[in-house]
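S.K.: Handing you this structure, nothing more for now.
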Amino acid sequence: MNDRSWRIWVARLLIGVVTFWNLLAAIQFLTRPAVYAPGFELEGAAGSAMIQGMGLLFMMWNIPYLIALLNPVRNRLSLTEAVIMQIIGAAGETLLLSSLQGDHLAIRSTVTRFILFDSIGVLLLVAAWGILRKRIPGQE
């Protein structure tokens, strides 16, 4: 395997891990909303609908990740968008957690898991982006 192929496949693996985690979360929120609603202090039909709405958003947000996964060299803009989206998620969740007033232990725990999840995603996507940053011979 040449340098070009190796770097592209490592980048795809890193992007694929983050995409898989994101889509898995989306599917779980869509199919099992009642399990996740209490973590947001939600309940009943309205709570399930809110969680399913988040699942739909997760699905939508994964479009750049999927496009980057197909061809991270040709679709570098999509990879860059995914990196930025992941950074916004981790930073926004951190701000949310720091501004949350009151006890809300369930929400604090849920947001902390999202921060960890998205921060690991940032690291993996930035690593993929960095691997592809150097010009690859024969790059399209």
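S.K.: Would it be correct to say that N71 is within 19 Å of W9 (Cβ to Cβ), surrounded by fewer than 17 Cβ atoms within 10 Å (Cβ to Cβ) and polar (S, T, N, Q)?
M.R.: In short, yes.
S.K.: Can we say A106 is within 26 Å of L79 (Cβ to Cβ) and more than 11 Å from the chain's Cα centre (by Cα)?
M.R.: No, not satisfied.
S.K.: Answer with yes or no whether L100 is under 15 Å from F20 (Cα atoms), surrounded by fewer than 19 Cβ atoms within 10 Å (Cβ to Cβ) and either modelled with pLDDT of 95 or more or not hydroxyl-bearing (S, T, Y) (or both).
M.R.: It is false that L100 is under 15 Å from F20 (Cα atoms), surrounded by fewer than 19 Cβ atoms within 10 Å (Cβ to Cβ) and either modelled with pLDDT of 95 or more or not hydroxyl-bearing (S, T, Y) (or both).
S.K.: Look through region 14-26, keep the residues that are out of contact with any Gly (no Cβ under 7 Å at 6 or more places or on another chain) and among the β-branched types (V, I, T), and return whichever of them is surrounded by the fewest Cβ atoms within 10 Å (Cβ to Cβ).
M.R.: Here the answer is V17.
S.K.: Please state which one of L42, L30 is more than 30 Å from D3 (Cβ to Cβ), not in a helix (DSSP H, G or I) and not basic (K, R).
M.R.: So the residue among L42, L30 that is more than 30 Å from D3 (Cβ to Cβ), not in a helix (DSSP H, G or I) and not basic (K, R) is L42.
S.K.: Then there's this: Just to be sure, is I84 more than 21 Å from I27 (Cβ to Cβ) and either under 15 Å from the mean Cα position of the chain (by Cα) or surrounded by 16 or more Cβ atoms within 10 Å (Cβ to Cβ) (or both)?
M.R.: Spelling it out, I84 is indeed more than 21 Å from I27 (Cβ to Cβ) and either under 15 Å from the mean Cα position of the chain (by Cα) or surrounded by 16 or more Cβ atoms within 10 Å (Cβ to Cβ) (or both).
S.K.: Are any residues in region 37-68 within 15 Å of V111 (Cβ to Cβ) and in contact (Cβ under 8 Å) with a residue 24 or more places away in the chain, and if so, which ones?
M.R.: Once the filter is applied, which keeps residues that are within 15 Å of V111 (Cβ to Cβ) and in contact (Cβ under 8 Å) with a residue 24 or more places away in the chain, region 37-68 yields P38, G39, F40, E41, M54.
S.K.: Does region 1-27 hold any residues that are in a helix (DSSP H, G or I) and more than 22 Å from the chain's Cα centre (by Cα), and which are they?
M.R.: D3, R4, S5, W6
The values are calculated or read from the model by the stated rules, or taken from the named source; none is laboratory data. Remember, predicted model here, so these are calculated numbers, not experimental data. Positions of Cβ are backbone-derived with ideal geometry, glycine not excepted, and every protein chain shown enters the neighbour counts.
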